[in-house]
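These notes concern the structure reproduced below.
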């Protein structure tokens, strides 16, 4: 199958452009005719190679995709017709092309899971494995409903984490901008005034003037060095697995934020693991798929050790208990699930507990961030005002004398 870029016309006379996999131009014309499109022009197109920052689709698109496809299949609509209807209703151009490619792949004899696997940048291994398990069990609508629910939970947790970052980021930018303007424009004028008087300046004033001179003379070097340092840091994270492992482990040990991050990752992992296990995927395969979605190298390495332990014959609770990254709650709930034969329910309970803890921890952080930022801002203003007002007060005092 070759990807083709085509230009076609729909029954309403509108021009439609897109990409579709086909064996040749005749096959492309046949596939488009099945979609009620008349081919105008088509040519072989190179595979899409998008930058990494453009590869991920908004999670809401995947939620809508799962929901609408589940509704179509539940109503008895054939999967090709369901995907064709979805393609026509999707407004996001790139996702529309992907769904059109799914239609072409299924028409070519692939299953839905096989068609999804051709787009790993959009549908990860967990998504494809769950769809494959649903196809084998004949429960694809139920699996799609479960995937949609899991994506909704992930979206809610992501929204909670964004709440922590937005307010401090805005306040921090405002503070940096105000300090930058003061150091570049205000402090130099005051420095000239103080030098003209010729009096001795207190330490904090000399430090402020020195910082102002450094920013004015070497500010470009500071900005350029910061940018180069950031690029080098990102490159090291990608190219050096040992550095990424140490850095991700450090993130989990940070006070307050590290604990929230750990609980957030464990909530997502346990929820997906319970979903995969309940769908009939083996424990080892579920762990292997979950390694790619935790988003933390330290926890990924821990899951690999858990998988190796299970392959050597250890119970799931024993394998998790041997890895210090996972707290006793996980091990305890897994042990209960193993003894009662309801491992998926136990994992779902762990996920629920962690989701609740994440929400409560984020609410506590939000409640503490505002007064902390207020105190920090007040201390900065106090330091600047003392450095500026003390020499002015001395000048005024001497003028009175």
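FYI, it's all coordinate maths here, none of it is from the lab. Keep in mind the model is a prediction, meaning the values are calculated, not measured. No Cβ is skipped: glycine too gets one built from the backbone with ideal geometry, and neighbour counts run over all protein chains shown.
Considering only 71, 304, 204, the mean-square fluctuation computed in a Gaussian network model of the chain, springs between alpha carbons under 10 angstrom, is largest for 204. By other beta-carbon atoms within 10 Å, ranking 175, 147 with the fewest at the front produces 175, 147. Taking every Cα-Cα distance in the chain and sorting them into 20 Å bins starting at zero, the pair-distance distribution P(r) comes out as 20, 39, 27, 11, 2 percent. What is the helix-to-structure angle for 25-34, meaning the angle in degrees between its Cα long axis and the longest Cα principal axis of the chain, kept from 0 to 90 and rounded to the nearest 10? The answer is roughly 90 degrees. Computed from the Cβ-Cβ distance with R0 of 30 Å, the FRET efficiency linking residue 152 to residue 81 stands at 0.70.
What is the fewest-to-most order of 155, 21 by other Cβ atoms lying within 10 Å of their Cβ? Before the final figure, lay out each step's value.
Working: 155 15, 21 23.
If I rank by nearby Cβ atoms, fewest first, I get 155, 21.
Computed from Cα positions, the angle between helix 140-181 and the longest principal axis of the chain comes to roughly 20 degrees. When each of 308, 119, 68 is scored by the number of other beta-carbon atoms lying within 10 Å, the sequence from fewest to most is 308, 68, 119. Using the alpha-carbon atoms, what tilt in degrees (0 to 90, nearest 10) does helix 297-311 show relative to the longest principal axis of the chain? In the chain, helix 297-311 runs at an angle near 40 degrees to the longest axis. Remark: the range 296-401 is approximated by an ellipsoid whose semi-axes, taken from the C-alpha gyration tensor as √(5λ), come to 59, 17, 8 Å, largest first. Would you mind pulling out the separation of the Cα centroids of the range 70-147 and the range 300-376, in Å? Taking the Cα centre of the range 300-376 as reference, the centre of the range 70-147 is 31 Å away.
For a modelled paramagnetic label at residue 376, 7 Å from Cα along Cα-to-Cβ, the residues of the range 166-192 in reach, with backbone nitrogen under 18 Å, are 166-181.
Can you give the extra length, in nm with one decimal, that the chain gains between residue 38 and residue 184 once fully stretched, where that is 0.36 nm per residue apart less the Cα-Cα distance?
Working: separation 146, 0.36 × 146 = 52.56 nm, distance 6.35 nm.
Full extension of this stretch gives 46.2 nm more.
How many percent of the alpha carbon pairs in the range 176-268 exceed a separation of 19 Å? All intermediate terms of the calculation are to be shown ahead of the outcome.
Values: 2723 of 4278 pairs.
That tail contains 64 percent of the Cα-Cα pairs.
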